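The values are calculated or read from the model by the stated rules, or taken from the named source; none is laboratory data. Values in this document were obtained by computation on a predicted structure and should not be read as measured data. So basically every Cβ, Gly included, is an ideal-geometry build from the backbone, and we count neighbours across all protein chains shown. These area figures cover heavy atoms from the full protein model, side chains too; ligands, DNA and RNA do not enter into them. Shrake-Rupley method; radii C 1.70, N 1.55, O 1.52, S 1.80 Å.
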Protein chains: 2
Amino acid sequence: MTGAELWVKAFGGLPEIEEGDDLVALIGDALEAASIVPSDGDVLVVTSKIVSKAEGRRIAAADREEAITAETVRVVATRAYPGGVTRIVENRQGLVQAAAGVDSSNTPDGTVLLLPVDPDASARSLAAGLRARFRVLLGVVVSDTLGRAWRQGQIDTAIGAAGLRVLDDLRGSHDSFGHELAVTQAAVADELASAGDLVKGKASGMPVALVRGAGHLVVESLDTPARMLARTGPTDMFRLGTDEALAEGHAAGYAEGQADGYAAGFAAARAALGDLS
Amino acid sequence: MTGAELWVKAFGGLPEIEEGDDLVALIGDALEAASIVPSDGDVLVVTSKIVSKAEGRRIAAADREEAITAETVRVVATRAYPGGVTRIVENRQGLVQAAAGVDSSNTPDGTVLLLPVDPDASARSLAAGLRARFRVLLGVVVSDTLGRAWRQGQIDTAIGAAGLRVLDDLRGSHDSFGHELAVTQAAVADELASAGDLVKGKASGMPVALVRGAGHLVVESLDTPARMLARTGPTDMFRLGTDEALAEGHAAGYAEGQADGYAAGFAAARAALGDLS
């Protein structure tokens, strides 16, 4: 298979995952049951839900709003809907997403599921275990479903990664006219997560997909965190929602304007009345 | 092939595209040269660059900044870099992206390439022509490479589509616990564009990829615009960059505060001085 061909295969055969389950063993067994033999250069895209469940990240649902607050580093924007408020927040994993990634689907009534504490660590553990079991050089992406600014619908995105380049750095590459490429860094880990979602779906009982044909991205090192795809902090041009920033700017401007205006009004009155007095 | 398997194959064999070229004929010939026989349910992901070139969207580069202005509906945010200013704008295609999608790579010195005027119309024309040539029910995605809020790197995104559902609406679906799914609409056209990019790359001379295995998304109607994936307008929570919104709010707040403060200051002075006079 050449680098210009990709094969993505989702597979089921995993039981409902419980806290403490050995995901390396369960995914390995499911691969064998599906007659898929991992090869060097394969990437496994693993839905974060099953990682969360194995890591015991299910909590009582009475705490949903509290759970969102606990997972939140910073509120980016809020939007009221009939019956509640959606909070777009930056969470502990560096992701900007609705409800901090706290999920109430795919979990029993009365519970919610939090994201893995450290999805990159989860990916490293899975990659190390699966590499050892199958004696191949493979990579792992842990995926979650995220909304986007300016786009309808959600896409799957890499929230954890190990054993693959998460950014394909094209700087220094040239187009057919000899120009350096303007588009410089393809977020290939995110693209792999999206490719996996096309076959895994959401309700299909297939939480893992194997991607073959992206071997040029797979590397020996497991220290290839998806965290480096997060762009937050002062350089984030959208660190605060428009309404929130307008309100914050307005409040600050109003206070300054009021102080300046008061002084000007007072002086003007004194000048006018002083003339009269 | 089941719905849980996807095969993505990029192919080259197209000449450097010039204005007026018949893309249906050239892509069809390239498919045949690569011994790929299109089947019902296939999706072709076509890089917007070659569509732009065929549609004569190459203009003199002396006009680059002017071209960006002409393509801009609305400035969302700006960021200075050494030697210039990046403008994040909403363009005529409803996309929020840097430089309005005006590209100076993959085009000869002294020229820039604009996006297709109506990428959905381009996709419809390609899909109609290729369906007629191969007598199969296929879909077409026209892709471009976009940056994202809160994420490093770029991913390929659907800017045009015809003959496939661009959103896979999962509302009404249930998870294995019987709950309605919280994640309701997968932006599958965007995910297809990303899957295509993993094999097309940027400088590989392979501007088209065929995706097989997503036939559940392919529909008879060609009227399935990617435009409906654009989320702009008043409900866009990030319709203005944070710095821009802070500044706009500040200016409005300052003006209001100054007026209120002036009146209060004037009244206070009058009260105080009136007592004296």
Residue that is farthest from the chain's Cα centre (by Cα), among those in region B:240-251 that are of a type in the set (G, A, S) and part of a helix (DSSP H, G or I): B:A251
In region A:225-242, the residues that are more than 7 Å from chain B (Cβ to nearest Cβ) and either open to solvent by 60 Å² or more (accessible area, probe 1.4 Å) or touching a Pro at 6+ places or on another chain (Cβ under 8 Å) (or both): A:A226, A:R227, A:P234, A:T235
Qualifying position, being of a type in the set (A, V, I, L, M, F, W, C), in contact (Cβ under 8 Å) with a residue 40 or more places away in the chain, part of a loop (DSSP other than H, G, I, E, B) and away from chain A (no Cβ under 11 Å), among B:L44, B:L137, B:L130, B:L126: B:L137
Extreme residue, farthest from the chain's Cα centre (by Cα), among residues of region B:10-25 that are open to solvent by 40 Å² or more (accessible area, probe 1.4 Å) and within 21 Å of B:D197 (Cβ to Cβ): B:G13
Failed condition for B:V112, given (1) over 25 Å from B:G201 (Cβ atoms); (2) part of a strand (DSSP E or B): (1)
Sole exception among (1) more than 30 Å from B:D29 (Cα to Cα); (2) at pLDDT 95 or above; (3) of a type in the set (A, V, I, L, M) for B:L276, by number: (2)
Qualifying positions in region B:252-271 - facing chain A (nearest Cβ under 7 Å), of a type outside the set (K, R) and over 54 Å from the mean Cα position of the chain (by Cα): B:A268, B:A269
Selected residue (only one of B:S194, B:S221, B:S176, B:S143 is of a type in the set (S, T, N, Q) and either modelled with pLDDT under 95 or touching a Pro at 6+ places or on another chain (Cβ under 7 Å) (or both)): B:S176
